[in-house]
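This report refers to the structure that appears directly beneath it.
The values are calculated or read from the model by the stated rules, or taken from the named source; none is laboratory data. Keep in mind that what you see is a predicted model, and the values were worked out from it rather than measured. Note that each Cβ is placed from the backbone with ideal geometry, even for glycine, and that neighbours are counted across all protein chains shown. Only protein heavy atoms, including side chains, enter the accessible area calculation; ligands, DNA and RNA are left aside. Shrake-Rupley method; radii C 1.70, N 1.55, O 1.52, S 1.80 Å.
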Amino acid sequence: MGFYHSMHDPAIEGILVSTEVIADTVSELGRRITADYAGKNLALVTVLRGGVIFLADLCREIDLPLSLDFMAISSYSPGAGAVRITKDLDDSITGRDVLVVEDIIDTGLTLNYLLSVLRQRDPASLAVCTLFDKDVRRLVDLPIEYSGIRIPDRFVIGYGLDLMGRYRNLPFLATLREEVME
Ligand code: 5GP
């Protein structure tokens, strides 16, 4: 019986973004956010479950008072319009400087819906920070104030992103073998 090691997982084709590049990017985003939000009333809002890995690293790179809150929405279905909120925020965001922390933005449809919901609650400001940006797939034009790493149009896993619930704990971003995709 062999031991599992992600580097030898037959489903994984290769590393698209390394642990080191992710760490550098997260720290640079944190530095920019720290500079931009000084003196503001920052609330980080994250979408479960994928976003929590990025959030956990990002919030420790932001040297400011802030709060964390979470939402959950119905899972990935390409081309879907409005998505269902399955868990709402616990706290009010009225008057807060809200920064939505996303793992990845693909078509942008999910985020577009989320922003319209949050905007109705009268935050003082509303901005977006994503670690990975599949911008060639964008269907709606969204202002992304903080965008980490542009990636090509491939289905990716790791660093929060899953395949049927697995692989979120990979410390890097990986592509899948074609056979697995089918
Ligand atoms: P969008 O509405 O922007 O098309 O989709 C956003 C959501 O789809 C992300 O929050 C993520 O959950 C999922 N998603 C988009 N691209 C990928 C991908 O390459 N891999 C995984 N695992 N999920 C993805």
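So which pairs qualify, if the first residue must be in the stretch 140-162 and more than 15 Å from Leu58 (Cβ to Cβ), the second must be basic (Lys, Arg) and outside any loop (DSSP other than H, G, I, E, B), the Cβ gap must be under 7 Å, and the two must be at least 6 apart or on different chains?
Asp153/Arg137
Do any strands (runs of 3 or more DSSP E) lying entirely in the stretch 1-109 carry at least 1 residues that are among the basic types (Lys, Arg) and open to solvent by 30 Å² or more (accessible area, probe 1.4 Å), and which ones are they? Step through it out loud before you land on a result.
Working: elements: 12-17, 42-48, 67-73, 85-87, 97-105.
Here the list reads 85-87.
For the stretch 48-70, give me each residue that is over 13 Å from Val98 (Cα atoms) and hydrophobic (A, V, I, L, M, F, W, C).
Residues satisfying the conditions are Leu48, Val52, Ile53, Phe54, Leu55, Ala56, Leu58, Cys59, Ile62, Leu64.
I'd like the full set of residues that are under 20 Å from Thr46 (Cβ atoms) and surrounded by 17 or more Cβ atoms within 10 Å (Cβ to Cβ), limited to the stretch 163-182.
Within the stretch 163-182, the first condition is being under 20 Å from Thr46 (Cβ atoms), and the residues that meet it are 165, 167-171, 173.
Hits for the stretch 163-182 are Tyr167, Arg168, Leu170, Leu173.
Every residue in the stretch 112-159 that is away from the ligand (no atom under 14 Å from the Cβ), in a helix (DSSP H, G or I) and exposed (fewer than 14 other Cβ atoms within 10 Å of the Cβ), please.
Within the stretch 112-159, just Arg119 meets the criteria.
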